[in-house]
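Structure, as structure tokens:
The values are calculated or read from the model by the stated rules, or taken from the named source; none is laboratory data. Please read these numbers as outputs of a predicted model, since none were measured by experiment. Backbone-built Cβ (ideal geometry, glycine too); neighbour counts: all protein chains shown. Side chains are part of the model used for accessible areas, which takes the heavy atoms of the whole protein and leaves out ligands, DNA and RNA. Shrake-Rupley method; radii C 1.70, N 1.55, O 1.52, S 1.80 Å.
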Amino acid sequence: SAQVELFFRQGNVELATAVGVEEEFMLGRFIVDRKLMSKEDLDVFLKGRAGSTKLLGSQLVRLGYISNVDLKDALRQQTCELVYELLRWNFGKFTFRAMAELSPVAAEASLGLAVDGILMEGFRRVDEWHLIEREIDNFDLVFVRNEDALGRVGRGKLTREELGVLELVNGKNSVKEICRQSRVGSFEVTKMLYREPASRRPPP
């Protein structure tokens, strides 16, 4: 049921938009990821605009929460992540449409992303996903913290992002729920769980 639309001009990707994808691919996640707004402030803003049909990024710029440069950076990250996700799909229907002009939204974004760079990173991630999925093949899986391993590693050696994810590993939250609460992408979360000795799947 998901659909990703890529806009090209002169061989470059100008923008990617999507419907029916997971929450982690929504623009708000990348605004928080780039520390342009806190999760709490964004949640309050989203509740206040419930039902609005206006584009989130345009609203945030108009109200002074972020700058046009900030928005373009977030859109660039969102577009790349959507392409990376698209490369993981095992099946789907592809349609190409030649247009006289880009849509107004794509023309305004005008990201100018080189295709070869996106593909190289995307296929690198696909290879890494194949390794991760040997251990984490279902986002409904639940992990618990391995306190002994955490003590040996030491919290001081973990990044702020890793600590944030680790706090959500409590034997109750599924991988999907950790992604949602942390507003960190599924690739980053599962990579941490796969590599992090301080987390493990509970025994059946």
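Counting only helices (runs of 4 or more DSSP H) that fall entirely inside region 22-99 and contain at least 3 residues that are surrounded by 10 or more Cβ atoms within 10 Å (Cβ to Cβ) and in contact (Cβ under 8 Å) with a residue 40 or more places away in the chain, the qualifying elements are 27-33, 68-86. If you go through region 100-118 and pick out every residue that is of a type outside the set (A, V, I, L, M), assigned to a helix (DSSP H, G or I) and either open to solvent by 70 Å² or more (accessible area, probe 1.4 Å) or over 19 Å from L86 (Cα atoms) (or both), you end up with 3. Whether a residue is assigned to a helix (DSSP H, G or I), out of contact with any Leu (no Cβ under 8 Å at 6 or more places or on another chain) and crowded, with 16+ Cβ neighbours inside 10 Å was assessed, and E121 does not pass this test. Do we find a residue being closer than 30 Å to R160 by Cβ and either in contact with a Lys or Arg (Cβ under 7 Å, 6 or more places away or on another chain) or among the polar types (S, T, N, Q) (or both) anywhere in region 94-104? Looking for residues that are closer than 30 Å to R160 by Cβ and either in contact with a Lys or Arg (Cβ under 7 Å, 6 or more places away or on another chain) or among the polar types (S, T, N, Q) (or both), one finds none in region 94-104, hence no. When D73 is tested against (1) of a type outside the set (A, V, I, L, M, F, W, C); (2) within 22 Å of K191 (Cα to Cα); (3) within 16 Å of the chain's Cα centre (by Cα), just one condition goes unmet, and that condition is (2).
Just give me the residues in region 148-163 being out of contact with any strand residue (DSSP E or B) (no Cβ under 9 Å at 6 or more places or on another chain) and either of a type in the set (D, E) or part of a helix (DSSP H, G or I) (or both), in sequence order. Residues satisfying the conditions are D148, G151, R152, V153, R155, G156, K157, R160, E161, E162, L163. The residues listed here are N170, N146; of these, the one that is out of contact with any helix residue (DSSP H, G or I) (no Cβ under 9 Å at 6 or more places or on another chain), at pLDDT 85 or above, open to solvent by less than 80 Å² (accessible area, probe 1.4 Å) and among the polar types (S, T, N, Q) is N170.
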